[in-house]
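One structure below.
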Amino acid sequence: MMKQLIVGDAMHELNTTRRILERLPEEHMTWKPHVKSMTLGGLVTHLINLLNWQAAIFLYPEFDLSTVPQRREALERREDVLKEFDANVDKLGKLIAESDEKTLGEEWTLRNGDHIILRQPRAIALRTFGLSHMVHHRAQLGVYLRLLDIPVPGAYGPSADDGK
């Protein structure tokens, strides 16, 4: 039962994320709403990276942020974003499909060098570090689109742009 819940939850959130990525305005990929904010391209690239980190939950017993490059070059084309997103979703989907209840219950650790950030069963790590983290940044992306006057698709029902 745990696996069914995880698969359904993950697929819903990934499909919703893809719908918002489909609206990316290539002409604004270097735009950012504030000096302390990521660029639009940087934000969507981070969303792509989060899928790699979600895959790491299934591939390794721990993930050390101190070994991950701080920033990768921001993607600039919607086509590249969608292509990489889809490939990462396929990879993650296969990893989830291959997992069993025992694997989902195994402890997984997120660390930054010697500092332990979280230590949880893989299923919970996928929800917190993976999916909830992605939803947080997807919401940021929705704000970016709103500020650029680009229609925002609904996530859990219709948005103000979906009409009545």
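The values are calculated or read from the model by the stated rules, or taken from the named source; none is laboratory data. The shown structure was predicted, so the numbers you read here are calculated from the model rather than taken from an experiment. Cβ atoms come from the backbone with ideal geometry, glycine included; neighbour counts cover every protein chain shown. Accessible surface areas use protein heavy atoms only, side chains included; no ligands, DNA or RNA. Shrake-Rupley method; radii C 1.70, N 1.55, O 1.52, S 1.80 Å.
Side notes on the structure shown:
- The condition (being open to solvent by less than 40 Å² (accessible area, probe 1.4 Å), among the acidic types (Asp, Glu), free of Cβ contacts under 8 Å to residues at least 60 places away in the same chain and over 22 Å from Arg18 (Cβ atoms)) is satisfied by just one residue among Asp64, Asp114: Asp64.
- The number of residues in the range 39-70 that are modelled with pLDDT under 95 and part of a loop (DSSP other than H, G, I, E, B) comes to 3.
- For the range 4-21, a residue qualifies if it is in contact with a Pro (Cβ under 8 Å, 6 or more places away or on another chain) and open to solvent by 80 Å² or more (accessible area, probe 1.4 Å), and exactly one does: Arg19.
- Taking the criterion of being open to solvent by 20 Å² or more (accessible area, probe 1.4 Å), part of a helix (DSSP H, G or I) and not small (Gly, Ala, Ser), the residues of the range 138-155 that qualify are Gln140, Val143, Arg146, Leu147.
- Qualifying residue in the range 16-29 (condition: under 14 Å from Val143 (Cα atoms), out of contact with any Leu (no Cβ under 7 Å at 6 or more places or on another chain), at pLDDT 95 or above and outside any loop (DSSP other than H, G, I, E, B)): no
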